[in-house]
Amino acid sequence: MNIIELENVYKNYETHGNIIPALRGVNLQIAKGEFAALAGPSGSGKTTLLNIIGGLDQPTSGSVTVGNTRLNQLSKKAISDLRLRKIGFVFQAYNLIPVLTAIENVEYVLLLQGINKKDRLTRSKDVLREVGLEKEMYRPPHELSGGQQQRVAVARAIVSSPDIVLADEPTANLDQKTGAHLLAMMRELNLREHITFLFSTHDPMVMEHSKRLINLIDGRIVSDEIHSKP
Amino acid sequence: MWASIKIFAMIGWRNLWRNKRRSLVVITSMALGIFAMLLSMGIMNGMNNQMVENTISTSLGHISIQRKGFQNDMKLQNSFVPSKELKNILSDIHDLKAFTPRIKMDGMIRSSEASRGVLIMGIDPVHEKTVSKILEYTLGEAAGSYLTDSEASDILISKTLADKLDLLVGDKVVLMFQNLQKEIVGTALTVKGLYQSPIDSFDKYVVYTGLQNLQKLTGMGTKISEISIRVTHRKQVDKVVEELRNSIHEPLFTILSWKEMAPNLFRAVTIFDTMMYIFFAIIFTTVVFSIANTLIMAIMERFHEIGVMKSIGTSPNRIGAMVLFEAMNLGIVGLVAGIGVSVLIIALLAYTGIDLSFYMESMRTLGTGHIIYPALKSKDIIASTFIVLTTTLLAALYPAVKAARIKPLEALHHI
Ligand SMILES: Nc1ncnc2c1ncn2[C@@H]1O[C@H](COP(=O)(O)OP(=O)(O)OP(=O)(O)O)[C@@H](O)[C@H]1O
Ligand SMILES: [Mg+2]
């Protein structure tokens with residue numbers, strides 16, 4: 001079953017009367033449980049593609065389906081709700097709400113979903129433990145390192161068991177070792193909890209560890225290869 | 001639902017303290033605004049109160065029993081003989097503290113220097129001091145003394161009038177008036193003492209002499225113009241009036257409360273009250289701008305994180321709610337600080353009084369006396385709470401809508 005389906009997706013940006021084509025006819029299927037990376041030079045359209053899949057941006061034409069929902073005609077409220085329940089986001093940096101502690105940031109998502117306090121706490125503690133932050137749970141973001149902040153962001157993205165986690169260059173602000181650690185952790189969650197991951201990256205190490213590598217150039221998919229090595 | 005209200009209230013609260021200085025400036029200005037508002041209300045209440053109280057205790061009394069028609073036409077014919085039965089009824093009414101007979105009539109006072117139109121009050125010196133404050137207002141020592149004998153040819157005039165007529169204690173004056181037969185009568189009286197009341201116009205106009213003296217001079221016998229009544233507390237007036245009307249069946253009489261005798265005074269007090277609220281609603285709209293401005297700055301600073309909140313699925317309504325909560329937190333803290341400070345300071349001032357003697361002359365014209373004792377009413381605190389919270393909420397409306405409409409993608413780009 002495909003969890004993401006893009007059909008002939010175009011995206012043009014308009015600035016000062018100039019039309020900038022960011023995506024030019026993207027067709028893409030991602031199945032449940034994949035661990036896929038989007039690669040490509042700067043400006044090739046990786047962020048645009050992730051934003052469109054996450055409903056943060058709308059395509060100029062073409063259809064986008066996430067889960068069983070076609071995004072094109074959804075209202076703002078419905079898209080907001082879809083992001084809340086079906087999609088987890090991890091951005092490059094500054095992902096967290098600064099006035100909330102690590103655990104409150106994770107709990108926040110469950111709270112918006114109306115889950116009761118007891119389940120919220122158990123679930124939040126579980127995922128924070130899974131990302132290795134049981135000691136840092138009660139600290140605010142500014143007392144955490146960049147890598148720890150990214151792990152909280154991942155914990156928040158997976159806490160409500162979404163269909164898919166979208167991550168835009170999650171390791172870009174981290175050093176080699178911390179990046180590798182974060183990636184290994186995401187892969188483990190992917191295997192254990194069957195959460196689908198789609199992330200963009202410039203990092204050769206990340207590309208190497210992904211199970212599928214999709215290459216974008218100038219808004220087109222130029223190659224799409226499955227890695228079979230473990 | 002409840003849990004999400006709680007989290008947004010909490011986020012709002014913590015955001016409030018991120019820029020401590022800015023929030024404190026707003027809170028302080030709100031508290032000061034509230035203090036100014038409550039202090040002025042307190043002073044206004046105090047002044048109204050004292051104005052009414054002074055008018056009542058100089059001459060008006062709480063309640064008056066008169067012959068019908070006297071209120072509009074103060075002539076000697078509109079008088080009556082107070083019966084024993086009437087006095088018994090009055091003595092039996094609970095909450096009725098004291099009563100005294102009076103004659104009120106127009107006349108003229110003349111010294112060797114000048115003459116003036118006056119209101120002549122014939123009083124029973126013993127009972128009068130239990131109803132009005134004229135004894136208290138009488139100046140001591142060299143200024144002579146209060147009337148002692150109802151039959152004596154004595155007169156008590158104000159210091160103001162004495163100065164105008166160039167009179168000293170012990171001097172003789174001539175008092176002229178119409179007697180019951182409508183003949184002009186003149187009589188020589190000795191200035192027994194001087195008084196000064198808090199009401200300037202009263203002092204210029206009112207002179208006192210003994211009731212029996214006046215009854216003899218006018219040929220009224222035992223007739224009087226009114227019985228003036230004091231009750232235990234002003235609040236009891238309406239109740240006592242009601243009781244009197246139920247127990248006095250003489251159709252010739254009319255029973256009037258101070259509100260009915262001085263309708264303009266009563267109306268003025270009510271209008272002052274209402275004006276105060278309108279005035280402060282207007283003042284507080286300026287607070288709206290300061291709060292709105294603070295919130296907009298706060299939102300601009302947090303543009304990115306609002307983007308994050310939205311991109312992980314926080315609905316626009318909830319973002320708006322968060323901003324409203326932040327404003328409410330600001331409003332409530334300002335309110336608590338403002339009311340706390342106000343109650344403390346006003347309680348202190350209510351004890352010490354505010355001396356406005358540098359303003360004395362105009363105060364005397366108002367009839368409040370020169371020391372004002374501010375009084376806070378609970379309805380003022382309730383009203384100010386209402387005004388502050390509604391204006392705060394109004395102020396937050398635009399910033400809340402603005403925050404709710406932030407596009408997540410744009411906000412995310414903004415670091
Ligand atoms: N809001 C926007 N307005 C105008 N043009 C935009 C906008 N966002 C992206 N673009 C353009 O669309 C193209 C694709 O941009 P995008 O951010 O998707 O690239 P990317 O692959 O993520 O690059 P990078 O690796 O540098 O992050 C670029 O040419 C960019 O200039
Ligand atoms: Mg990008």
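The values are calculated or read from the model by the stated rules, or taken from the named source; none is laboratory data. Nothing here was measured: the structure is a model prediction, and the numbers come from that model. Glycine also receives a Cβ, built like all others from the backbone with ideal geometry; neighbour counts cover every protein chain displayed. Remember, those area values only see protein heavy atoms, side chains included, never the ligands or the DNA or RNA. Shrake-Rupley method; radii C 1.70, N 1.55, O 1.52, S 1.80 Å.
Here's a check for you: in the range B:6-21, which residue that is under 18 Å from residue A:98 (Cα atoms) and of a type outside the set (A, V, I, L, M, F, W, C) is modelled with the lowest pLDDT?
Filtering first and then ranking leaves B:6.
Test residue B:90 against the criterion of being under 18 Å from residue B:245 (Cα atoms) and among the hydrophobic types (A, V, I, L, M, F, W, C), and give yes or no.
Yes, satisfied.
Looking at (1) over 30 Å from residue B:394 (Cα atoms); (2) surrounded by fewer than 17 Cβ atoms within 10 Å (Cβ to Cβ), can you tell me which one residue B:271 breaks?
Among (1) over 30 Å from residue B:394 (Cα atoms); (2) surrounded by fewer than 17 Cβ atoms within 10 Å (Cβ to Cβ), the lone unmet condition for residue B:271 is (1).
Rundown of residues vs (1) assigned by TED's automatic domain parsing to the domain that holds residue B:227; (2) crowded, with 16+ Cβ neighbours inside 10 Å, yes/no style:
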site: B:18; (1), (2): no, no
site: B:30; (1), (2): no, yes
site: B:37; (1), (2): no, yes
site: B:60; (1), (2): no, yes
site: B:75; (1), (2): yes, no
site: B:79; (1), (2): yes, yes
site: B:99; (1), (2): yes, yes
site: B:120; (1), (2): yes, yes
site: B:123; (1), (2): yes, yes
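Quick check, is residue B:346 modelled with pLDDT of 90 or more and closer than 24 Å to residue B:23 by Cα?
In short, no.
State which residue is most open to solvent (accessible area, probe 1.4 Å) when the search covers only the range B:393-415 and only residues that are assigned to a helix (DSSP H, G or I) and over 29 Å from residue B:335 (Cα atoms).
Only one residue fits best here, namely B:413.
Please determine, by comparing only the residues of the range A:157-170 that are within 13 Å of ligand 1 (Cβ to nearest atom) and either open to solvent by 10 Å² or more (accessible area, probe 1.4 Å) or part of a loop (DSSP other than H, G, I, E, B) (or both), which one is nearest to the other protein chains (Cβ to nearest Cβ).
Out of the qualifying residues, it is A:168.
Working only within the range B:297-311, note down all residues that are open to solvent by 40 Å² or more (accessible area, probe 1.4 Å) and away from every other protein chain (no Cβ under 13 Å).
Selection gives B:297, B:300.
Can you tell which of B:138, B:148 is free of Cβ contacts under 8 Å to residues at least 60 places away in the same chain and out of contact with any strand residue (DSSP E or B) (no Cβ under 7 Å at 6 or more places or on another chain)?
B:148
Within the range B:307-330, does at least one residue satisfy the condition of being hydroxyl-bearing (Ser, Thr, Tyr) and in contact with an Asp or Glu (Cβ under 9 Å, 6 or more places away or on another chain)?
Yes, the range B:307-330 contains a residue that is hydroxyl-bearing (Ser, Thr, Tyr) and in contact with an Asp or Glu (Cβ under 9 Å, 6 or more places away or on another chain).
Within the range A:180-204, work out how many residues are in contact with a Gly (Cβ under 7 Å, 6 or more places away or on another chain) and within 16 Å of ligand 1 (Cβ to nearest atom).
Result for the range A:180-204: 1.
Suppose we filter B:285, B:314, B:368, B:294 for residues that are part of a loop (DSSP other than H, G, I, E, B), more than 14 Å from every other protein chain (Cβ to nearest Cβ) and on the phi < 0 side of the Ramachandran plot; which single one remains?
B:368
On the basis of being under 20 Å from residue A:99 (Cα atoms), within 14 Å of chain A (Cβ to nearest Cβ) and touching a Gly at 6+ places or on another chain (Cβ under 8 Å), does residue B:321 make the cut?
When the stated conditions are applied, residue B:321 does not pass them.
Rundown of residues vs (1) within 15 Å of ligand 2 (Cβ to nearest atom); (2) in contact (Cβ under 8 Å) with a residue 12 or more places away in the chain; (3) within 14 Å of another protein chain (Cβ to nearest Cβ); (4) open to solvent by less than 20 Å² (accessible area, probe 1.4 Å), yes/no style:
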| residue | (1), (2), (3), (4) |
| --- | --- |
| A:18 | no, no, no, no |
| A:41 | yes, yes, no, no |
| A:55 | no, yes, yes, yes |
| A:96 | no, yes, yes, yes |
| A:102 | no, yes, no, yes |
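Look at residue B:8 and say whether it is more than 30 Å from the chain's Cα centre (by Cα) and away from chain A (no Cβ under 14 Å).
Considered against the rule, which asks whether it is more than 30 Å from the chain's Cα centre (by Cα) and away from chain A (no Cβ under 14 Å), residue B:8 comes out as no.
Yes/no matrix, rows are residues, columns are (1) open to solvent by 10 Å² or more (accessible area, probe 1.4 Å); (2) within 22 Å of residue A:196 (Cα to Cα); (3) within 16 Å of ligand 2 (Cβ to nearest atom):
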position: A:11; (1), (2), (3): yes, no, yes
position: A:15; (1), (2), (3): yes, no, no
position: A:26; (1), (2), (3): no, yes, yes
position: A:31; (1), (2), (3): yes, yes, no
position: A:48; (1), (2), (3): yes, yes, yes
position: A:70; (1), (2), (3): yes, yes, no
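Go through (1) more than 27 Å from the chain's Cα centre (by Cα); (2) open to solvent by 10 Å² or more (accessible area, probe 1.4 Å); (3) not polar (S, T, N, Q) and name the single condition residue B:147 misses.
(2)
Filter the range A:188-211 down to the residues that are more than 16 Å from ligand 2 (Cβ to nearest atom) and crowded, with 16+ Cβ neighbours inside 10 Å, then identify the one that is nearest to residue A:1 (Cα to Cα).
A:196
For residue A:208, state whether it is over 26 Å from residue A:83 (Cα atoms) and in a helix (DSSP H, G or I).
Yes, satisfied.
So which residues in the range A:104-113 are touching a residue at least 40 places away in the same chain (Cβ under 8 Å) and either basic (Lys, Arg) or at the interface with another protein chain (Cβ under 7 Å from one of its Cβ atoms) (or both)?
A:108, A:109 - these are the residues of the range A:104-113 that are touching a residue at least 40 places away in the same chain (Cβ under 8 Å) and either basic (Lys, Arg) or at the interface with another protein chain (Cβ under 7 Å from one of its Cβ atoms) (or both).
So residue A:36 ticks every box in (1) farther than 17 Å from residue B:311 by Cα; (2) within 11 Å of chain B (Cβ to nearest Cβ); (3) open to solvent by less than 40 Å² (accessible area, probe 1.4 Å) but one. Which box is left unticked?
Exception for residue A:36: condition (2).
So that you can scan it fast, the table gives a plain yes or no per residue for (1) of a type in the set (Asp, Glu); (2) within 9 Å of chain B (Cβ to nearest Cβ); (3) surrounded by 15 or more Cβ atoms within 10 Å (Cβ to Cβ):
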{"site": "A:115", "(1), (2), (3)": "no, yes, yes"}
{"site": "A:119", "(1), (2), (3)": "yes, no, no"}
{"site": "A:124", "(1), (2), (3)": "no, no, yes"}
{"site": "A:143", "(1), (2), (3)": "yes, no, no"}
{"site": "A:147", "(1), (2), (3)": "no, no, yes"}
